[in-house]
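K.L.:
Dumping the structure here so I can ask a few things about it.
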Amino acid sequence: MAKATLTIASKNYGSWSLRGWLLCKMAKLDFAEAQVTADDPSIRAELLLLSPSFLVPCLNHDGLKVWDTLAIAEYLHEIKPESGLLPPDPKQRAHCRAICGEMHSGFANLRSALPMNLKARFPGFKAWAGARGDIERITTIWRECLDEYGGPYLFGKKPCAADAMYAPVCTRFVTYDVALDPVCSGYCRTIMALPDMQEWIAAAKLEPDELEELDVEF
């Protein structure tokens, strides 16, 4: 029996759940999933960005409960340092933490204008100006990291916490047909092709739950 449990929300809509799940996968943590449905009012509020705090993902491990995604990343780095969730070089590690933190606390316009929805496709979607500013900032981060560390992941040859944090953005760019430069488009394809991402997406497509508020035709 797995000694850890990760509580998540919808795989179709839950961007923070995806981040926590990928972090656990990248750390090679032995864990079981516990999924809370969107029928739970608090989870529904979180998915619709109406909640002041994020209740999922929540990692229970050895009697400890860790419910913030960055805290999960830091905890997994401490117990599984060999997994490479954070780069070994101190300067790279600080850079990684900075861009993870920016994703964690920023990009509100992107979240509200382009909510994660793996089942949907909106060809030719026109993002409003605030969201375009977030898109430009994110792609700048990607290009700088890929140029500095050589790719194909943000900090080199192996996916790390930064890739887990930005993976849901890749799904948004696919869902809403966001035009990207060749470098960023290639990075998106790399992330979307990860076996763990493919596993998550396949499960998301089987989910019966729907949030009508996120399935509207924009």
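Bear in mind that the values in this text are calculations on the coordinates, not laboratory data. The shown structure was predicted, so the numbers you read here are calculated from the model rather than taken from an experiment. As a convention, Cβ positions derive from the backbone with ideal geometry for all residues, glycine included, and neighbour counts pool all protein chains shown.
K.L.:
Among bridges DSSP assigns within the chain, what percent are antiparallel (round to 5)? Present the calculation step by step, with values, prior to reporting the outcome.
P.N.:
Values: 8 of 13 bridges.
Of the beta bridges lying entirely in the chain, close to 60 percent run antiparallel.
K.L.:
Still on this structure: Quick check: residue separation of residue 183 and residue 91 times 0.36 nm, minus the Cα distance between them. What number comes out in nm?
P.N.:
Extending this stretch completely gives an extra 30.7 nm.
K.L.:
Residue by residue through segment 20-36, which ³J(HN,Hα) values in whole Hz follow from phi under the Karplus form 6.51 cos²θ - 1.76 cosθ + 1.60 (θ = phi - 60°), with glycine and proline marked x?
P.N.:
Running phi through 6.51 cos²θ - 1.76 cosθ + 1.60 with θ = phi - 60° gives x, 5, 5, 4, 5, 5, 5, 7, 6, 7, 7, 9, 10, 9, 10, 9, 9 Hz.
K.L.:
Within segment 1-35, find all residues whose amide N lies under 13 Å from a label point positioned 7 Å from the Cα of residue 202 along Cα-to-beta-carbon.
P.N.:
Of the residues in segment 1-35, none has backbone N under 13 Å from the label point off residue 202.
K.L.:
Hey, another quick one. Can you list residues whose amide H is under 5 Å from residue 156's amide H, if they're 5+ apart or on another chain and H is modeled 1.01 Å from N?
P.N.:
For residue 156, whose amide H was placed from the backbone, the distant partners under 5 Å are 151.
K.L.:
Still on this structure, please answer the following. Please list, or write none, the lysines whose alpha carbon is within less than 30 Å of the alpha carbon of residue 25, excluding same-chain residues fewer than 8 places away.
P.N.:
3, 11, 65, 80, 91, 119, 157, 158, 205
K.L.:
Now, a different point. Provide Rg and Dmax in Å for the chain, with only Cα atoms included in the calculation.
P.N.:
16.5, 49
K.L.:
Amide H to amide H, which residues 5 or more places from residue 35 or on other chains are under 5 Å from it, using H placed in the peptide plane?
P.N.:
Residues meeting the criterion, in which the H sits 1.01 Å from N, are 8.
K.L.:
Here is a follow-up. Hey, quick one: spin label on residue 37, modelled 7 Å out along Cα-Cβ, who in segment 1-31 has an amide N within reach, i.e. under 11 Å?
P.N.:
Zone members listed by number: none at all.
K.L.:
Could you work out the longest stretch of the chain that avoids the trypsin sites (Lys or Arg not before Pro) located in DSSP loops with at most 16 other Cβ atoms within 10 Å? Intermediate values should be presented prior to the final figure.
P.N.:
On the way: sites that count: 3, 28, 119, 121, 126, 157.
Within the chain, the longest run free of exposed trypsin sites (Lys or Arg not before Pro) spans 29-118.
K.L.:
Additional query: 7 Å from Cα along Cα→Cβ at both residue 157 and residue 140: what's the point-to-point distance in nm?
P.N.:
Taking the two extended label points, one gets 3.2 nm.
K.L.:
Could you work out the equivalent-ellipsoid semi-axes for segment 94-187, taking the square root of 5 times each eigenvalue of the Cα gyration tensor, largest first, in whole Å? List each step's numbers first, then the result.
P.N.:
Values: eigenvalues 95, 41, 29 Å².
Working from the Cα gyration tensor, I get semi-axes of 22, 14, 12 Å.
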